[in-house]
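Asker: Attaching a single structure in structure tokens format; questions to follow.
The values are calculated or read from the model by the stated rules, or taken from the named source; none is laboratory data. Keep in mind that what you see is a predicted model, and the values were worked out from it rather than measured. Using ideal geometry, Cβ is built from the backbone for each residue, glycine included, and neighbour counts are taken over all protein chains shown.
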Amino acid sequence: MIEIRALRTHSEFVEAVRLQQLIWGFDEVELMPVRLFVTATKVGGQAFGAFDRGCMIGFCLAIPGIKPGGKCYLHSHMLGVKSEYRNSGVGRMLKLEQRREALSRGLDLMEWTFDPLEIKNAYFNMERLGTIVRRYVLNQYGTTSSKLHAGLPTDRCVPEWWMATPRTEAIINGAPREREPELARISIPNEIYAIKQNDPARAREIQARVSDQFQEYFAKGLTVTGFERGAEAGSYIFSKWDSK
């Protein structure tokens, strides 16, 4: 039985910092410190942990933000799950608890970032949560010490999770939905994870191609509205987006 609950104590925040190091392998200077967890929970952010028989196996942290024009939202800065619990639904449980708590306070938008080459995350964000993507940021965090980033520039997609819409509700519950007409797509080979580890030069070529395509399609007013998994590649699906 996995338990999801808010993190409140100093020892829980310390354990979340330890998990960061375990999951991403960051150098100490790149870790989010205990003080950030404390501050986030005091100013309207969120810190949740996933526990298996009392042992923390995952966590997430969100901080409050304000859009131009004054709209309040949450930025989910980090979510991590221990490797032996990945693909077991723990990440989704954490995201749904974030959504539940945010909606209880009248917040309907959450954003975060993810590596566009991480096609498992892309599928999760688009097809399991119902996010859309309209922004692509070049090298957002600079080059990091994490082996998961493979020394590549930290290009990032910014998913928007409009948490209160019927579309999001339908996707979360697995209900059939009408797909937006496809106008373009970007495909990434399924073996991208091996390429990142074994052939950095080729990984950088793929990243550069993907970066150019994202920026081209966004400049044309297109939005990522879905993600399709195939036998050889995963593909971002672009459409026109007229509403939340």
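Asker: With under 23 Å from GLU30 (Cβ atoms), among the small types (Gly, Ala, Ser) and more than 12 Å from the chain's Cα centre (by Cα) as the only criterion, which of GLY151, GLY106 stands out?
Answerer: Just one listed residue meets the conditions, GLY151.
Asker: Condition first: farther than 30 Å from PRO166 by Cβ and within 19 Å of the chain's Cα centre (by Cα). Now tell me which residues in the stretch 197-214 satisfy that.
Answerer: Answer for the stretch 197-214, where residues must be farther than 30 Å from PRO166 by Cβ and within 19 Å of the chain's Cα centre (by Cα): GLN207, VAL210, SER211.
Asker: Filter the stretch 204-236 for residues that are in contact (Cβ under 8 Å) with a residue 60 or more places away in the chain, loosely packed, with under 14 Cβ neighbours inside 10 Å and not polar (S, T, N, Q) and give the result.
Answerer: The one that is in contact (Cβ under 8 Å) with a residue 60 or more places away in the chain, loosely packed, with under 14 Cβ neighbours inside 10 Å and not polar (S, T, N, Q): ARG229.
Asker: Further question on the same structure: If a residue must be of a type in the set (A, V, I, L, M) and touching a strand residue (DSSP E or B) at 6+ places or on another chain (Cβ under 7 Å), how many such residues does the stretch 207-244 contain?
Answerer: Kept after step one, since they are of a type in the set (A, V, I, L, M), are these residues of the stretch 207-244: 208, 210, 219, 222, 224, 231, 233, 237.
After this cut, where a residue has to be touching a strand residue (DSSP E or B) at 6+ places or on another chain (Cβ under 7 Å) as well, the list is 210, 222, 224, 233, 237.
Number of matching residues: 5.
Asker: While we're here: Of the conditions (1) modelled with pLDDT under 95; (2) touching a Lys or Arg at 6+ places or on another chain (Cβ under 6 Å); (3) not hydroxyl-bearing (Ser, Thr, Tyr), ASN198 satisfies every one except a single condition; which number is it?
Answerer: Going through (1) modelled with pLDDT under 95; (2) touching a Lys or Arg at 6+ places or on another chain (Cβ under 6 Å); (3) not hydroxyl-bearing (Ser, Thr, Tyr) one by one, ASN198 breaks only (2).
Asker: I'd like to verify a number: residues in the stretch 68-91 that are over 21 Å from LEU36 (Cβ atoms) and not hydroxyl-bearing (Ser, Thr, Tyr), how many?
Answerer: Residues meeting the conditions: 9.
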